[in-house]
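K.L.:
Have a look at this one before I ask anything.
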Amino acid sequence: EAAVTQSPRNKVAVTGGKVTLSCNQTNNHNNMYWYRQDTGHGLRLIHYSYGAGSTEKGDIPDGYKASRPSQENFSLILELATPSQTSVYFCASGDPNTEVFFGKGTRLTVV
Amino acid sequence: AQSVTQPDARVTVSEGASLQLRCKYSYSATPYLFWYVQYPRQGLQMLLKYYSGDPVVQGVNGFEAEFSKSDSSFHLRKASVHWSDSAVYFCAVSAGGYKVVFGSGTRLLVSP
């Protein structure tokens, strides 16, 4: 079973601060994703990566950066956090035409 | 652009009753189609998927879905729901690229 681990699971950040959400996968998947989940919007894609060293913009990339330093790790970075970025963030990895495996999510609150 | 529409934000059914959750997609070709489920405070898990062949596909825990090209739909069904099926269900589409597009989700509540 594919394992996707996110840290932290919960985070409270101050407006204007920097936040880094981390994700690790142990199944050697090339593709990794960051989504945010908000009521009424479902899951929206922020950034994705198709291998170490690559990052691509998803549908809502503004205010977010991503980093893929290795096959296993994919980080989401909020350089200047804002209250509108309060959400639940999910990391995922896998083949989009076969199956994508999700982490348990990070609940981020920006105050 | 690909899109997925789940018209029902919430569905309530009685335990033991049948279930249908609706999903319509917009894409020029036949995409890969999925249903995922999210239990409370968990990530999403895949229930089933379809690309070609028999339009009715079976998934885990008694779920099935039927693909209709003419209707651009991929509805999820279950003959008899259990209280443990209460969750949020997402229809999703992949069109051969790198990403999966999810619908807004349907929250299912199974009442005793």
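The values are calculated or read from the model by the stated rules, or taken from the named source; none is laboratory data. These numbers come from a predicted model, not from an experiment. Virtual Cβ from ideal backbone geometry, glycine too; neighbours counted across all protein chains shown. Side chains are part of the model used for accessible areas, which takes the heavy atoms of the whole protein and leaves out ligands, DNA and RNA. Shrake-Rupley method; radii C 1.70, N 1.55, O 1.52, S 1.80 Å.
K.L.:
Compare the peptides A:20-26, B:30-36 by average per-residue count of other Cβ atoms within 10 angstrom and give them in order, highest first.
P.N.:
Ranking, from highest mean packing down: B:30-36, A:20-26.
K.L.:
For the range B:79-111 and the range A:37-98, what is the separation of their C-alpha centers, rounded to whole Å?
P.N.:
Between the Cα centre of the range B:79-111 and that of the range A:37-98, the gap is 20 Å.
K.L.:
While we're here: Per the 1.4 Å probe, what fraction of the accessible area of the protein assembly as shown, in percent, lies on carbon and sulfur atoms?
P.N.:
Carbon-and-sulfur percentage of accessible area, whole number: 48.
K.L.:
Right, next: What does the charge add up to near residue B:25, with Lys and Arg as +1, Asp and Glu as -1, over the other residues with Cβ less than 15 Å from its Cβ?
P.N.:
With Lys, Arg at +1 and Asp, Glu at -1, the net is +3.
K.L.:
Can I ask one more? Counting Lys and Arg as +1 and Asp and Glu as -1, what is the net charge of the other residues whose Cβ lies under 15 Å from the Cβ of residue A:58?
P.N.:
That works out to +2.
K.L.:
Relative to the isolated chain, which residues of the range A:63-102 have their accessible area cut by 20 Å² or more in the presence of all protein chains (1.4 Å probe, heavy atoms, no ligands or nucleic acids)?
P.N.:
A:90, A:96, A:97, A:98, A:99, A:100, A:102
K.L.:
Next question, about the same structure. Eigenvalues of the Cα gyration tensor times 5, then square-rooted: what semi-axes does that give for the range B:3-111, in whole angstrom, largest first?
P.N.:
They are 22, 15, 12 Å, listed largest first.
K.L.:
Under unit Cβ charges (Lys, Arg +1; Asp, Glu -1), what dipole magnitude, rounded to 20 debye, does chain B have relative to its Cα centre?
P.N.:
Around 280 debye, computed over chain B.
K.L.:
Ranked highest first by the average count of other Cβ atoms within 10 Å around their residues, in what order do B:17-28, B:82-93 fall?
P.N.:
Ranking the peptides B:17-28, B:82-93 by packing returns B:82-93, B:17-28.
K.L.:
Sticking with this one: Plugging the Kirkwood radius over Cα pairs into Stokes-Einstein for the protein assembly as shown, at a temperature of 37 °C and a viscosity of 0.692 mPa s, what D comes out in µm²/s?
P.N.:
183
K.L.:
Enter the buried accessible area of the B/A pair, total of both sides, probe 1.4 Å, in Å² rounded to the nearest 100.
P.N.:
Approximately 1900 Å², summed over both chains.
K.L.:
Over 30 Å between C-alpha atoms is what I'm after, so list which of A:18/B:99; A:65/B:24; A:104/B:49 land there.
P.N.:
Among A:18/B:99; A:65/B:24; A:104/B:49, the Cα-Cα distance tops 30 Å for A:65/B:24.
K.L.:
Using label points projected 7 Å from each Cα along Cα→Cβ, tell me how many nm separate residue B:9 and residue A:3, to one decimal.
P.N.:
3.9
K.L.:
Now for a different question. Compare the Cα positions of A:67, A:27, A:110 along the charge dipole of the range A:4-110 (+1 at Cβ of Lys, Arg; -1 at Cβ of Asp, Glu; about the Cα centre) and return the one farthest towards the positive end.
P.N.:
Sorting the options by dipole projection puts first A:110.
K.L.:
Normalised radius of gyration for chain A, please: alpha carbon Rg relative to 2.2 N^0.38 Å, two decimal places.
P.N.:
After normalising by residue count via 2.2 N^0.38 Å, the value is 0.98.
K.L.:
Could you state the accessible area per residue of the protein assembly as shown in Å², with a 1.4 Å probe and every protein chain left in place?
P.N.:
46
K.L.:
Can you compute the charge dipole magnitude of chain A about its Cα centre, using +1 on each Lys and Arg Cβ and -1 on each Asp and Glu Cβ, nothing else charged? Give it in debye, rounded to the nearest 20.
P.N.:
Here the size comes out at about 400 debye.
K.L.:
Over all residues in A:24-36, what is the mean tally of Cβ atoms on other chains that come within 10 Å of each residue's Cβ?
P.N.:
1
K.L.:
Next question. Have a look at B:23, B:102, A:10 and report the one farthest towards the positive end of the charge dipole of the protein assembly as shown, computed about the Cα centre with Cβ charges (Lys/Arg +1, Asp/Glu -1).
P.N.:
A:10
K.L.:
Under a cut-off of 18 Å between alpha-carbon atoms, report the aspartates and glutamates in cross-link reach of residue B:69, not counting same-chain residues fewer than 8 places apart.
P.N.:
Answer for residue B:69, where 18 Å is the Cα cut-off: B:54, listed by chain and number.
K.L.:
Using a 10 Å cut-off on Cβ atoms, rank the peptides A:79-87, A:36-44 from the highest mean neighbour count down.
P.N.:
A:36-44, A:79-87
K.L.:
Relative contact order of chain A, please, whole-number percent, based on alpha carbon pairs below 8 angstrom and at least 6 residues apart.
P.N.:
With pairs under 8 Å counted, the relative contact order is 36 percent.
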